[in-house]
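Colleague: This structure is in structure tokens; I'll ask about it shortly.
Bear in mind that the values in this text are calculations on the coordinates, not laboratory data. Just so we're clear, the structure is a prediction, and the values are computed from it rather than from any experiment. All Cβ positions, glycine included, derive from the backbone under ideal geometry; neighbour counts span all protein chains shown.
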Ligand code: SRM
Ligand SMILES: Cc1cc2nc3c(=O)[nH]c(=O)nc-3n(C[C@H](O)[C@H](O)[C@H](O)COP(=O)(O)OP(=O)(O)OC[C@H]3O[C@@H](n4cnc5c(N)ncnc54)[C@H](O)[C@@H]3O)c2cc1C
Ligand code: SF4
Ligand code: FES
């Protein structure tokens, strides 16, 4: 794993989201609680809705286009067939760390 | 031969080490105990009860002279260890004495962190750590003012202790809710409520800027918004830092704290450390439970026995009478977890359990913490809870027991709570009527008038009947807002008003929400109700809005946005058109379309470009058209008397005036107006939410039109003579709709519920009421009549990706 610092948790509003551009496409960072962030694909499997624009509630996000709901801890759609990729995140002293290897960056080694 | 042990610091951790040592092997060591404080070991955590007057200092002393005598400890209190020579194995006391040791134990604790604000070194700025600090606070009483910076455990205990002495206390906390490290929002809300009930003022989300002084003594705290909070004493309780200076100088390995291994040995031979000054496996400590474990291990190590310190989950309580909270484990982080929430609004109880892989990993509770230790045990032992999952939240005594009463929110209402806003009927009037024999809705209506007017409180009246009569009353099924609550929209609206609920956390708790923070269905509705009812006190929450309202643009199917600037009353000019054309060029806008609402839509703008295109349009005087909002959209006009040979009044002018008054206001659903200059009705005013048709003798005002999925013609509210009156009526009816409408009901749906007669009575007949509605609308507009584009353009970085990992060189 290669942990990469992508920003501070306070750069994301509580129950809001921001995106990170990666070689695998846009990944959404969802701040579900004061000290909790989840990383998941930004693209809805239904019709490609940008999930980071959805409403974040509990540990879920609702797609802004047609209201599919995804569990950010598993990536599974709630009550629908479909899932989104989720990625490991670490929080260290407020900094958000993503695993570059999992996001398709070639590791430095 | 007896070995020499020197202990630096007579704290809670080293005190325990001494107890274990002297109990297990009374004369293994010849012990010398240094303490910088001029006293021996006392129970530091009990300083709070001393402060509040519930205990005296004498009662919290853990080791008195007799004890040290008995244990043959040489005490050097009020003396600091100044230096250590680990090669020669000696310590130097402040007075120059040099003492040799065989074993050395650090127990230097930590020092309070003082934010280096300008003025932090003034007289009267203190921390909360020792007896001296406590005494400084105890010297105050009624007539004194204190500011406490920090809404964590220590700050709140200090605040409550002084409040108990009659001091006027204000707590300034930088985060959104109190004790955010231990509590979630709901518990933080309840805690705040209890503390406020003790007369403490609490400011959350408040940033301190400067401490102001006079003659070298503190006078006030200034916040970054310029507010000054006068105070005689300022207590900073914002955190602690392990006290490592001495260890560092002596050459011990130090990170955040003094590095120790599992046996509490430091990097230097024969030197141990325990307590808040240590760092073990990356962690530092701030509560006594783990320090006691460390003390036991250190004593064993000193006695040459095997023992290892293991970090465990921690639990927190707050030692403030009447604030019953408990928090344990990890409820803020982790993957694949599930929440169980229980709320009993009538008792002010909130409990939340966090479960992961069939194990309890975290618990937060407020109000009823009796089962706290049982839950804590389940967390520590990682007990499999599959079997008791359903009833877990009710604790050990209630396995298989009762569930929350869905009506408890109504049961909890005080007798004077207003239930029927139209007729000013409070709860006790209704319960009295029930007691006097009105046992169904019709009878209550007939005797009290409650729910006899607009009818939005019908659900509440029924619930009061149910609460009062029990099974004798058959409740009709209600349409709830969503799965998070048992209540209907109407009930939630009424309860927000009658219970004066002013935050989302308050709504979730007091109305017994089943989820920690709602869902995409209820949050936008609750956010709207709160801002409509408490425009000044409540702060709009963008995260509870659908993307269009959060981004102030309409999202398109490909994730781009549309930008629609306002064209007041449909009037524009060459400069505005040029600015729109320039923006379309500059931001490569693929489609420029004239809308059905008399303005121009720039479709296909990239999200990241929004703040920039807005700021360009702003420069030409163009502001947001709110084409995305549940709020005022357009006011369509026709050319009226200015140009048209049939025009009877200045319809364009009136339309522009109305749009300038109403823009920016939020409504239950979108609000569209039309003003036509004559009954030919070229502005299609009779199919708008509010439509005005000008006639020779004045203005005909109709409401409840629509031309979407339902096509509706407006109903005539009335005719007025002057433009001024027409404007007042439009504002009043808008405000009545804002105050009573169900979220996502357009005016025509609201009208079908309340009836045209009722609206006429409110805004056409009762002129005092019309005035009051206008005044309330104006109050709200003092906050909301502004261009969101201009505000958002200042935070352009929020619209960009937080990071771009495609750009960074990989190797
Ligand atoms: C742009 C525009 C069409 C156009 O090119 O002319 C438009 C576009 C949309 N309309 Fe509309 N409506 C537009 C005028 C109208 C009109 C005509 C009017 O206002 O005179 C109507 C019928 C009148 C009425 O509202 O009663 C209209 C009735 C609707 C409805 C049905 C509402 C209803 O209560 O049944 C919806 C759906 C909704 O709001 O839930 C809707 C929703 C939408 C949305 C916002 C759909 C959405 O949520 O994404 C469309 C956004 C497109 C975009 O990305 O910009 N639009 N829409 C018009 C913008 C007017 C403006 O300047 O603000
Ligand atoms: C008001 C208050 C309330 C609290 N409430 C709770 C609670 O409810 N629950 C809980 O678990 N924890 C609570 N705590 C925290 C708890 O008190 C600490 O975790 C604990 O006291 C730390 O023990 P310690 O032995 O590491 O340090 P301390 O108890 O701070 O002892 C360190 C001692 O070392 C002395 N010293 C430092 N340097 C030198 C030197 N060079 N020479 C000689 N002496 C030196 C200091 O003067 C001090 O007396 C509270 C703390 C405070 C201040
Ligand atoms: S009628 Fe309105 S909502 Fe339907 S496709 Fe056209 S713009 Fe979109
Ligand atoms: S694109 Fe996400 S629900 Fe349709």
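Colleague: How far, in degrees from 0 to 90, does helix B:522-533 lean away from the longest principal axis of the Cα atoms of chain B, to the nearest 10?
Modeller: Once rounded, one gets 80 degrees.
Colleague: Nearest-5 percent of antiparallel DSSP beta bridges in the stretch B:673-733?
Modeller: Bridges in the stretch B:673-733 are about 75 percent antiparallel.
Colleague: Next up: If I stretch the segment between residue B:132 and residue B:724 completely, what's the gain in nm (0.36 nm per residue apart, minus their alpha carbon distance), one decimal?
Modeller: Full extension of this stretch gives 206.4 nm more.
Colleague: Just grab the label-to-label distance for residue B:94 and residue B:769, each label 7 Å out from Cα along the Cβ direction, in nm (one decimal).
Modeller: 7.5 nm
Colleague: How far apart, in nanometres, would the label points at residue B:303 and residue B:797 be if each is projected 7 angstrom from Cα along the Cα-to-Cβ direction?
Modeller: Result: 5.7 nm between the two label points.
Colleague: Another question, if that's okay. Defining a contact as two alpha carbons under 8 Å apart and six or more residues distant in sequence, what relative contact order in percent does the stretch B:384-530 show?
Modeller: Relative contact order, the stretch B:384-530: 18 percent.
Colleague: In the protein assembly as shown, what % of DSSP beta bridges are antiparallel (nearest 5)?
Modeller: Once the DSSP bridges in the protein assembly as shown are tallied, antiparallel ones form about 70 percent.
Colleague: How many Cβ atoms of partner chains, on average, are near each residue of A:2-14 if near means within 10 Å of its Cβ?
Modeller: That works out to 2 on average.
Colleague: If you count the DSSP beta bridges with both ends in chain B, what percent of them are antiparallel, to the nearest 5?
Modeller: Beta bridges within chain B, antiparallel portion: roughly 60 percent.
Colleague: Another question, then. So how far apart, in nm, are the two label points at residue B:77 and residue B:228 if each is 7 Å from Cα heading toward Cβ?
Modeller: Roughly 4.3 nm, to one decimal.
Colleague: Set the Förster distance to 30 Å, then compute FRET efficiency between residue B:645 and residue B:575 from the Cβ-Cβ distance, nearest 0.05.
Modeller: Calculated value: 0.55.
Colleague: Another one. Order the peptides B:418-431, B:286-299 from the highest to the lowest mean number of other Cβ atoms within 10 Å of their residues.
Modeller: Top of the packing list down: B:286-299, B:418-431.
Colleague: Using per-residue counts of other Cβ atoms within 10 Å, averaged over each peptide, order B:239-246, A:4-11 from highest down.
Modeller: B:239-246, A:4-11
Colleague: Let me ask something else. Chain B: Rg/Rh from Cα coordinates, Kirkwood Rh?
Modeller: With Rh from the inverse mean 1/r over Cα pairs, Rg/Rh is 1.07.
Colleague: Taking the Cβ-Cβ separation of residue B:358 and residue B:287 as r and a Förster radius of 30 Å, what is the calculated FRET efficiency to the nearest 0.05?
Modeller: So the FRET efficiency works out to roughly 0.60.
Colleague: Would you give the gap between the C-alpha center of the stretch B:41-88 and the C-alpha center of the stretch B:96-138, rounded to a whole Å?
Modeller: Spelled out, the Cα-based centre of one part sits 14 Å from the other.
Colleague: On to the next question. Under a no-solvent Debye model with one identical scatterer per Cα of the stretch B:479-600, what's log10 I(q)/I(0) at q = 0.10, 0.22 Å⁻¹?
Modeller: Debye curve over Cα of the stretch B:479-600, log10 I(q)/I(0) at q = 0.10, 0.22 Å⁻¹: -0.49, -1.16.
Colleague: Using helices alone, what [θ] at 222 nm do you get for chain B, with -39,500 (n - 2.57) per DSSP H run of 4 or more residues, divided over all residues and rounded to the nearest 500?
Modeller: Result for chain B, helices only: -9000 deg cm²/dmol.
Colleague: Before anything else, pin down the relative contact order of the stretch A:3-104: Cα pairs under 8 Å, at least 6 apart, normalised by residue count, whole percent.
Modeller: 28 percent
Colleague: Something else now. Expressed as a whole number of Å, what is the distance separating the alpha-carbon centroids of the stretch B:412-434 and the stretch A:8-36?
Modeller: 46 Å
Colleague: Arranged from highest to lowest average of other beta-carbon atoms within 10 Å per residue, in what order do the peptides B:651-664, B:17-30, B:213-226 appear?
Modeller: Descending packing order for the listed peptides: B:651-664, B:17-30, B:213-226.
Colleague: Hey, what did chain B get for relative contact order, percent, Cα under 8 Å, at least 6 apart?
Modeller: For chain B, the relative contact order is 7 percent.
Colleague: Right, here's the next one. Which value, in nm² and rounded to one decimal, describes the direction-averaged projected area of the C-alpha convex hull of the protein assembly as shown?
Modeller: Mean projected area for the protein assembly as shown: 46.2 nm², to one decimal.
Colleague: Inside 10 Å of the C-beta atoms of A:34-46, what's the mean count of C-beta atoms belonging to other chains?
Modeller: Average neighbour count from other chains, rounded to a whole number: 2.
Colleague: Also: Using alpha carbons only, what's the Rg to Rh ratio of chain A with Rh from Kirkwood?
Modeller: Looking at chain A, the ratio lands at 0.96.
Colleague: Count, for each residue of B:553-565, the Cβ atoms from other chains sitting within 10 Å of its Cβ, then give me the mean as a whole number.
Modeller: 2
Colleague: Could you let me know the centre-to-centre spacing of the stretch B:227-255 and the stretch B:679-700, using Cα atoms, in angstrom?
Modeller: Computed from Cα coordinates, the inter-centre distance equals 70 Å.
Colleague: Tilt of helix B:489-498 relative to the longest C-alpha principal axis of chain B, in degrees (0 to 90, nearest 10)?
Modeller: Rounded to the nearest ten degrees, it is 60.
Colleague: Another question, if that's okay. Compute the FRET efficiency between residue B:311 and residue B:585 as 1/(1 + (r/R0)^6), taking r as their Cβ-Cβ distance and R0 = 41 Å, and round to the nearest 0.05.
Modeller: 0.10
Colleague: Relative to the longest principal axis of chain B, what angle (0 to 90°, nearest 10) does the C-alpha long axis of helix B:153-163 take?
Modeller: 80 degrees
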